[in-house]
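The values are calculated or read from the model by the stated rules, or taken from the named source; none is laboratory data. For clarity, every value in this text was computed on a predicted model and none was experimentally measured. Cβ: placed from backbone, ideal geometry, glycine included. Neighbour counts: every protein chain shown.
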Amino acid sequence: MSGYVIRRILGTIPTLFIIVTICFFFIRLAPGGPFDREKAIPENILRNIEEKYNLDEPIVVQYARYVYSLLRGDLGPSFRYADRSVSEYLFRSLPNSMLLASLAMGIALMIGISSGVIAGYKRNTLYDYSFMLFAVFGVSVPSFVIGPLFMYFFSLQWGLLPTSGWLSGRAGVLTLVLPVISLALYYVATMARLSRASTIEVLQSDYIRTANAKGLSPSYILTKHVLKGALLPIASYFGPTFAAMLTGSVVIETIFRVPGIGVFFVQSAFNRDYTMIMGTVIIYSTVLIVMNLLVDIIYGILDPRISYS
Amino acid sequence: MKPILEVKHLRTQFKTDIGIVKAVDDVSFDLKKGEVLGIVGESGSGKTVMGMSIMGLLPIGKNVSVSGDVIFGNENLIEKKERYMRDIRGKKIAMIFQDPMTSLNPFLRISTQLIEIMRRHLDISKQDAKDRAIELLQLTGVPQPKQRVDDYPHQFSGGMRQRIMIAMAISCDPSLIIADEPTTALDVTIQAQVMELLHKLKDQLDTSIILITHDLGVVAGFCDRVHVMYSGKIVEKASTNELFEDPKHPYTKGLLKSIPRADSEIKGELYTIPGQPPLLVSLPDGCPFAPRCEFVRSECTVSYPPISNFSHERNVHCWLYGDDANE
Ligand SMILES: Nc1ncnc2c1ncn2[C@@H]1O[C@H](COP(=O)(O)OP(=O)(O)OP(=O)(O)O)[C@@H](O)[C@H]1O
Ligand SMILES: [Mg+2]
């Protein structure tokens with residue numbers, strides 16, 4: 001198993017290299033450049049700026065220069081924000097997004113899976129119907145509606161929670177509550193629907209019939225015989241979803257003014273901030289690759305038919 | 001001697017979108033201690049549903065109903081609560097299922113699946129249960145049981161998995177085993193081996209067995225008596241010898257003709273009963289076999305034939321015997 005993990009991690013290096021290469025050239029193909037919108041810049045000053053960022057060199061040389069600095073762990077200077085480097089921006093904001101995502105995912109896993117499994121087990125009962133009604137609501141109401149609604153009632157109307165101010169001021173951790181819950185709601189609902197469906201499927205399988213024919217108790221069957229099989233589909237959903245969440249949830253971060261990484265994904269593209277785009281791409285790819293590896297490991301733990309060696 | 005199991009007027013119905021499915025329709029029979037009863041019928045004739053009904057394994061409710069009596073020991077199992085049935089299932093009545101490839105839990109070790117049933121029903125320590133699991137695997141002919149007891153189901157072939165299912169079924173010394181087509185999903189040579197194992201166990205253990213099958217060939221030499229099932233009803237009852245020597249019902253005759261025989265003089269295609277078994281929804285009046293029967297008469301499509309008794313436990317439902325049998 002550990003040999004497999006090491007091989008998989010080493011395998012990500014060429015993958016990342018290919019992603020970086022393709023991305024580097026593709027971005028340059030897009031029309032426009034980082035300094036286009038500052039119309040008033042005189043020709044000679046623009047040339048100075050371009051010279052400063054080495055944009056006047058042939059693109060292949062720029063690429064080599066970028067890869068070289070990348071190997072030393074430097075993502076380069078931002079073309080947009082002059083005061084700090086891309087690494088500084090991204091690695092300062094990434095932990096905030098990760099905290100937000102991890103808390104929301106934790107809630108989604110705990111509440112979503114347990115209520116979904118119970119709903120599947122108590123299929124077609126009042127519990128099932130009411131919970132699934134909530135799940136439909138959670139899936140279909142977008143976060144840009146939920147966020148402001150929560151903010152309106154919990155902060156403005158009832159004054160229970162702060163509207164924003166990530167981990168600062170007297171409110172402290174209370175500032176986490178609204179963004180985390182607003183983000184989690186959708187994932188609680190999808191996890192619940194997924195685990196309900198997979199529980200129902202497992203319950204209809206022949207081996208559960210066998211377990212019943214052995215006279216085992218329902219609670220034993222549910223925890224020992226049903227759960228593992230029912231969790232498998234969740235694991236494959238979890239990977240890419242958590243990767244997307246970890247790298248920032250732009251809408252929630254904007255509404256609750258979370259200093260997260262999400263904003264850089266959107267802004268860097270608008271600004272043609274080449275190095276910043278590359279930075280976000282590298283971070284997202286890395287997180288995604290790690291998550292996929294994690295999913296494979298979870299599969300290996302859950303399903304004895306899969307063995308890594 | 002009092003029979004160990006008496007089934008009386010068992011009816012199992014499913015409410016579906018296309019109508020009410022009468023999967024088991026007024027089935028009555030009984031089983032003596034140590035006896036092996038064969039239930040034979042084509043696919044879809046209600047054999048599995050019958051077994052599940054006896055075990056109380058069907059989700060009775062708005063769409064599923066089971067009625068009649070299932071007298072086991074001195075109790076009527078149909079009236080019993082689920083909690084009571086859980087103590088019966090696996091301990092007093094065990095069931096072996098049709099498809100060994102899917103009947104074991106792929107996520108759990110064989111040892112776990114064998115130990116859990118013993119721990120549920122017997123007062124036994126974990127270690128003793130494991131030792132007994134190894135003995136059971138030995139008894140059912142799983143090679144290297146000590147080394148393999150902690151393996152997962154996918155590490156065994158279909159035949160081996162069925163042996164494990166059998167080991168599980170006999171683990172708590174049940175007085176009745178319902179074997180639902182235990183060999184249907186297996187290769188012919190493996191089929192023979194598994195039947196041989198059941199033979200051996202039948203002699204060693206003092207259990208009664210209901211062997212459900214669609215293959216009369218499996219019945220010969222194993223069952224004491226045979227009941228032929230067609231579209232949810234038992235159409236003929238006989239001892240195994242009588243059935244093979246003098247089948248009464250045209251359907252039984254057809255089944256016998258379609259057994260491949262080594263001594264057959266006619267080479268070429270095997271006989272098959274023409275037509276399809278009926279859907280068990282809104283069956284017409286009369287004999288359900290009438291549309292496929294070569295001896296069909298006018299009364300066959302009018303009403304269901306009454307019972308014609310030939311001797312004790314030898315009877316048939318067929319208009320051909322309407323008058324002469326009951327003398
Ligand atoms: N849950 C259910 N809902 C509706 N109909 C059902 C249900 N279970 C079984 N049936 C129907 O009951 C009939 C009898 O099915 P059963 O599985 O008992 O047949 P069988 O004799 O065991 O056949 P096979 O040899 O294929 O195993 C079939 O027509 C089947 O479609
Ligand atoms: Mg069946």
Practice item. Report the residue count in region B:72-100 for those that are in contact with an Asp or Glu (Cβ under 8 Å, 6 or more places away or on another chain) and of a type in the set (V, I, T). Key: 2
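Does A:V173 satisfy the condition of being out of contact with any Ser or Thr (no Cβ under 9 Å at 6 or more places or on another chain) and either at pLDDT below 95 or over 30 Å from B:L114 (Cα atoms) (or both)? If you could, list the steps in order and put the result at the bottom.
Numbers: out of contact with any Ser or Thr (no Cβ under 9 Å at 6 or more places or on another chain): yes; either at pLDDT below 95 or over 30 Å from B:L114 (Cα atoms) (or both): yes.
Yes: the conditions hold for A:V173.
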Study note, to complete from the structure: Restricting region B:97-135 to residues that are touching a residue at least 12 places away in the same chain (Cβ under 8 Å), under 30 Å from B:V70 (Cα atoms) and more than 9 Å from chain A (Cβ to nearest Cβ), the one surrounded by the fewest Cβ atoms within 10 Å (Cβ to Cβ) turns out to be B:L122
Review point. Among the numbered criteria (1) more than 14 Å from every other protein chain (Cβ to nearest Cβ); (2) away from ligand 1 (no atom under 13 Å from the Cβ), which single criterion is violated by B:G56?
Key: (1)
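Name the single residue, out of those in region B:27-40 being part of a strand (DSSP E or B) and more than 15 Å from ligand 1 (Cβ to nearest atom), that is nearest to B:L279 (Cα to Cα).
At the first step, the residues of region B:27-40 found to be part of a strand (DSSP E or B) are B:27-31, B:36-40.
Narrowing the set further to residues that are more than 15 Å from ligand 1 (Cβ to nearest atom) leaves B:28-31, B:36-37.
Numbers: B:S28: 21, B:F29: 24, B:D30: 27, B:L31: 29, B:V36: 29, B:L37: 26 Å.
Residue satisfying both the conditions and the ranking: B:S28.
Condition check ((1) in contact with a helix residue (DSSP H, G or I) (Cβ under 6 Å, 6 or more places away or on another chain); (2) over 30 Å from B:P174 (Cβ atoms)) across all residues:
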| residue | (1), (2) |
| --- | --- |
| B:S208 | no, no |
| B:P247 | yes, yes |
| B:K253 | no, yes |
| B:L270 | no, yes |
| B:C293 | yes, yes |
| B:V302 | no, yes |
Practice item. State yes or no: is B:S45 within 13 Å of ligand 2 (Cβ to nearest atom) and not charged (D, E, K, R)? Key: yes
**Study point:** Of residues in region B:206-221 being at pLDDT 90 or above and away from ligand 2 (no atom under 16 Å from the Cβ), the one nearest to the chain's Cα centre (by Cα)
**Key:** B:I209
Review point. What are the residue pairs meeting all of these: first residue in region B:19-46, first residue under 15 Å from B:V7 (Cβ atoms), second residue surrounded by fewer than 21 Cβ atoms within 10 Å (Cβ to Cβ) and of a type in the set (K, R), Cβ atoms under 8 Å, and 6 or more apart or on different chains?
Key: B:V24/B:R11; B:D25/B:R11; B:D26/B:R11; B:V27/B:R11; B:S28/B:K8
Exercise for review: Check B:S43 against each of (1) within 16 Å of ligand 1 (Cβ to nearest atom); (2) touching a strand residue (DSSP E or B) at 6+ places or on another chain (Cβ under 9 Å) and name the one condition it does not meet.
Suggested key: (2)
Point to revise | Those residues of region A:213-230 which are crowded, with 23+ Cβ neighbours inside 10 Å and in a helix (DSSP H, G or I), in sequence order | key: A:A213, A:H225, A:V226, A:A230
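Test B:K15 against the stated conditions and say whether it is loosely packed, with under 15 Cβ neighbours inside 10 Å and either under 15 Å from the mean Cα position of the chain (by Cα) or within 16 Å of ligand 1 (Cβ to nearest atom) (or both).
Values: loosely packed, with under 15 Cβ neighbours inside 10 Å: yes; either under 15 Å from the mean Cα position of the chain (by Cα) or within 16 Å of ligand 1 (Cβ to nearest atom) (or both): yes.
So B:K15 passes the test.
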Point to revise | Count - residues of region A:245-260 that are surrounded by fewer than 18 Cβ atoms within 10 Å (Cβ to Cβ), in contact (Cβ under 8 Å) with a residue 24 or more places away in the chain and not in a loop (DSSP other than H, G, I, E, B) | key: 1
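Of A:S69, A:S97, A:S87, which residue is farther than 17 Å from A:A189 by Cβ and under 14 Å from the mean Cα position of the chain (by Cα)? Reasoning before the result, please.
Working: A:S69 fails: under 14 Å from the mean Cα position of the chain (by Cα); A:S87 fails: under 14 Å from the mean Cα position of the chain (by Cα).
Every option except A:S97 fails the conditions.
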Review point. Given the conditions (1) among the polar types (S, T, N, Q); (2) within 12 Å of chain B (Cβ to nearest Cβ); (3) in contact with a Leu (Cβ under 6 Å, 6 or more places away or on another chain), which single one is not true for A:S205?
Key: (3)
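Listed residues B:P182, B:P153; which is crowded, with 22+ Cβ neighbours inside 10 Å and modelled with pLDDT under 95? Give the steps one after another, and end with the answer.
Values: B:P153 fails: modelled with pLDDT under 95.
Every option except B:P182 fails the conditions.
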Practice item. Give me the pairs, please: first residue somewhere in region B:48-64 and under 15 Å from A:I208 (Cβ atoms), second residue anywhere and within 12 Å of ligand 2 (Cβ to nearest atom) and basic (K, R), beta-carbon distance under 9 Å, and either six or more positions apart or on two chains. Key: B:M52/A:R209; B:L57/A:R209
